[in-house]
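Working notes for the structure below.
The values are calculated or read from the model by the stated rules, or taken from the named source; none is laboratory data. From a predicted model like this one, the values you see are computed outputs, not experimental measurements. Here the Cβ positions follow ideal geometry from the backbone for every residue, glycine too, while neighbour counts run over all protein chains shown. Quick note on the areas: whole protein, heavy atoms, side chains included, nothing else; ligands and nucleic acids left out. Shrake-Rupley method; radii C 1.70, N 1.55, O 1.52, S 1.80 Å.
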Amino acid sequence: MRFFDNLTDWVGKIVSFACPLIMVIVLFEILVRQVFAGGTIWANDLTAMLFGAYSMLAGVYAFKNRAHVKVDLLTTRLGPRTNAVLDLFTSVFFFAFCYVIVWHGGITAWESFINREYLVTQWAPPLYPYKILIAFSGVLILIQGVLKFIRDVRIVAGREKEREWIRSSLH
């Protein structure tokens with residue numbers, strides 16, 4: 001469990017550099033367009049691809065650290081055990097989402113790789129690394145979902161307290 005938690009933390013730290021990089025690229029494009037009356041053929045495509053990668057991988061990191069925005073009007077009034085039971089029931093939807101991302105994303109990534117798919121723009125960067133990243137992100141979030149499922153089962157069984165899980169997941 002700790003290996004995958006550490007892997008997710010490492011990926012989250014690496015991907016955190018995407019936002020400043022995106023900002024620099026956008027500022028560069030603005031400078032080139034406004035000051036030099038030119039433009040680049042790559043800035044828009046690259047920022048879109050970087051932001052997509054950032055969103056997918058940061059989403060895994062946020063899921064692991066329970067940092068997603070959620071409406072918890074009901075769940076704040078319930079105990080850790082009841083919350084874990086609710087999470088176990090709703091995990092069906094999560095795993096269905098993971099199935100779509102991993103299976104269909106994997107098929108799409110494989111086909112894109114085999115065909116050496118490129119983005120249909122003037123710059124025409126390869127698209128298959130991006131599609132492979134979608135499937136990889138799906139695998140990472142699936143692993144984190146399985147770990148959360150195991151932790152929820154342990155909470156329901158009385159083997160793990162929610163506070164211990166939160167503390168261990170934040171370090």
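Per-residue answers, yes or no, for (1) in contact (Cβ under 8 Å) with a residue 60 or more places away in the chain; (2) assigned to a loop (DSSP other than H, G, I, E, B); (3) under 21 Å from P126 (Cβ atoms):
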| position | (1), (2), (3) |
| --- | --- |
| W10 | no, no, no |
| P20 | no, no, no |
| G39 | no, yes, no |
| S55 | no, no, yes |
| A62 | no, no, no |
| A67 | no, yes, no |
May I ask you to list the residues in the range 101-153 that are of a type in the set (F, W, Y) and either closer than 18 Å to W10 by Cα or not in a helix (DSSP H, G or I) (or both)? Y118, W123, F136
Selection count, the range 100-123, where residues are surrounded by fewer than 13 Cβ atoms within 10 Å (Cβ to Cβ) and not polar (S, T, N, Q): 7
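Taking the conditions exactly as written (surrounded by 14 or more Cβ atoms within 10 Å (Cβ to Cβ) and either of a type in the set (A, V, I, L, M, F, W, C) or modelled with pLDDT of 95 or more (or both)), does A96 satisfy them or not?
Numbers: surrounded by 14 or more Cβ atoms within 10 Å (Cβ to Cβ): no; either of a type in the set (A, V, I, L, M, F, W, C) or modelled with pLDDT of 95 or more (or both): yes.
No; evaluated as a whole, the condition is false for this residue.
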Odd one out for I25 among (1) at pLDDT 95 or above; (2) open to solvent by 20 Å² or more (accessible area, probe 1.4 Å): (2)
